[in-house]
1. Are any of the residues in the stretch 248-263 touching a Pro at 6+ places or on another chain (Cβ under 6 Å), of a type outside the set (Gly, Ala, Ser) and surrounded by 20 or more Cβ atoms within 10 Å (Cβ to Cβ)?
2. Cβ contacts < 7 Å: first residue under 21 Å from SER217 (Cα atoms), restricted to the stretch 232-260; second residue among the acidic types (Asp, Glu) and part of a loop (DSSP other than H, G, I, E, B), any location; separation 6+ or different chain. Result?
3. Does LEU111 satisfy being over 23 Å from VAL23 (Cβ atoms), touching a Lys or Arg at 6+ places or on another chain (Cβ under 9 Å) and either surrounded by 17 or more Cβ atoms within 10 Å (Cβ to Cβ) or of a type outside the set (A, V, I, L, M) (or both)?
4. Of all residues in the stretch 294-341 being among the small types (Gly, Ala, Ser) and part of a helix (DSSP H, G or I), which is nearest to ALA21 (Cα to Cα)?
5. In the stretch 1-35, how many residues are within 20 Å of GLU127 (Cα to Cα), touching a helix residue (DSSP H, G or I) at 6+ places or on another chain (Cβ under 9 Å) and acidic (Asp, Glu)?
6. Find the residue count for the stretch 10-26, including only residues that are modelled with pLDDT under 95 and surrounded by fewer than 21 Cβ atoms within 10 Å (Cβ to Cβ).
7. Here are the criteria: (1) under 30 Å from VAL103 (Cα atoms); (2) modelled with pLDDT of 95 or more; (3) in the same structural domain as GLY143 (by TED's automatic domain parsing). Tell me which single one GLY275 does not satisfy.
Amino acid sequence: MENKEVKVLAIESSCDETAAAVVVNGRDVRSNVISSQIDLHTLYGGVVPEIASRKHIEKINQVIEQALQEADYTLDDMDAIAVTYGPGLVGALLVGVAEAKAVAYAKKKPLVGVHHIEGHICANYIENKELEPPFLCLVVSGGHTHLVRVCDYGKYEILGKTRDDAAGEAFDKVARAIGLGYPGGPKIEKVAHEGNPHAVEFPRAKIDDGPYDFSFSGLKSAVLNYINGCNMKGIDIVQADVAASFQKAVIDVLVANAMRAIDEFGMEKFAIAGGVASNRTLREALKEACEKKGVEFYYPSPVYCTDNAAMIGVAGYYDYIAGKRDGLDLNAIPNLRLGER
């Protein structure tokens with residue numbers, strides 16, 4: 001296996017990006033094609049599952065053809081077909097899974113179902129060729145906030161996760177409340193640069209029975225209450241100050257939990273992943289905290305933070321060489337847990 005090039009065609013359709021990629025030997029991305037639906041869903045202030053599924057059906061063949069073309073390969077050259085089968089929107093996932101099964105069946109290729117969060121974690125291997133487990137990873141996206149101990153390739157221990165809203169979800173809801181619209185993460189980050197992060201003291205949730213768990217619904221409610229209070233009293237709301245104060249409250253909790261875990265488990269390497277990981281303020285706060293502890297800090301480029309198929313190809317490669325294969329009965333599992341098969 002070592003001398004041979006292992007070429008994986010990867011497909012990702014868990015939310016509102018239709019993506020395909022060709023990855024060689026788990027770290028060499030030959031193509032990474034993403035068709036985003038963000039403009040479509042912006043009209044509705046968030047992702048509409050039915051529309052997302054229909055758009056995936058329209059785009060999926062095109063992105064696969066383009067990914068193969070850019071990599072200069074054909075389907076016959078592939079050693080395996082990897083696909084996200086959960087977690088995500090069930091209708092959206094089904095499009096990718098059905099496509100991957102059809103290709104695997106037609107071309108007699110091994111099929112490998114990939115966990116979406118595992119894909120996000122594996123995105124760190126693409127540009128950081130020297131990174132190997134064990135390390136600690138904070139996964140922050142629209143649907144997930146997980147603190148994960150990566151024990152080995154394909155072996156994960158979830159130390160903590162959100163009890164309610166994911167960090168990205170809170171960003172979206174607060175952005176809507178202060179009139180910034182969708183998608184919330186990039187818009188709040190942009191406006192927050194002009195604001196005072198200490199203008200409003202929003203709460204930081206601590207969970208007694210889960211030291212590494214997160215909770216953002218109380219913070220979201222506090223922002224909404226603050227806005228309502230200002231409106232009732234006729235006080236002007238400074239959008240940038242609210243955005244900066246909210247963002248700081250989220251980042252403080254993420255950094256505190258991550259650093260506590262680094263200390264407790266004696267980790268020497270720390271990585272972030274997921275859409276919110278492209279937030280520069282979060283990266284800088286984590287980088288500074290890691291430097292103080294002498295811990296190596298890793299993060300993917302923004303294109304590998306948001307949903308993409310390259311990361312699925314990386315995770316698929318490690319699953320494939322570990323001997324994982326799926327049958328044509330592979331199904332979409334919208335609430336699939338990390339570590340489950």
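The values are calculated or read from the model by the stated rules, or taken from the named source; none is laboratory data. All figures in this text were calculated on a predicted structure; none of them were measured in a lab. Because the Cβ atoms are built from the backbone with ideal geometry, glycine has one as well, and the counts that use them run over all protein chains shown.
1. Pass one, the stretch 248-263, residues touching a Pro at 6+ places or on another chain (Cβ under 6 Å): 248.
Still in the running and of a type outside the set (Gly, Ala, Ser): 248.
When the remaining residues are screened for being surrounded by 20 or more Cβ atoms within 10 Å (Cβ to Cβ), the result is 248.
Among the residues of the stretch 248-263, at least one is touching a Pro at 6+ places or on another chain (Cβ under 6 Å), of a type outside the set (Gly, Ala, Ser) and surrounded by 20 or more Cβ atoms within 10 Å (Cβ to Cβ), which makes the answer yes.
2. ALA240/GLU194
3. no
4. Checking each candidate, the answer is ALA310.
5. Summing the residues that are within 20 Å of GLU127 (Cα to Cα), touching a helix residue (DSSP H, G or I) at 6+ places or on another chain (Cβ under 9 Å) and acidic (Asp, Glu) in the stretch 1-35 gives 2.
6. Initial filter on the stretch 10-26 (modelled with pLDDT under 95): 14-18.
Retained after the next criterion (residues that are surrounded by fewer than 21 Cβ atoms within 10 Å (Cβ to Cβ)): none.
Final tally of qualifying residues: 0.
7. (2)
Here is a yes/no grid of residues against (1) of a type outside the set (Lys, Arg); (2) farther than 30 Å from ASP263 by Cα; (3) in a helix (DSSP H, G or I); (4) at pLDDT 95 or above:
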| position | (1), (2), (3), (4) |
| --- | --- |
| LEU159 | yes, no, no, yes |
| ALA170 | yes, no, yes, no |
| ALA175 | yes, yes, yes, no |
| LYS187 | no, yes, yes, no |
| HIS198 | yes, no, no, yes |
| ALA205 | yes, no, no, no |
| ALA222 | yes, yes, yes, yes |
| ASN231 | yes, yes, yes, no |
| ALA243 | yes, yes, yes, yes |
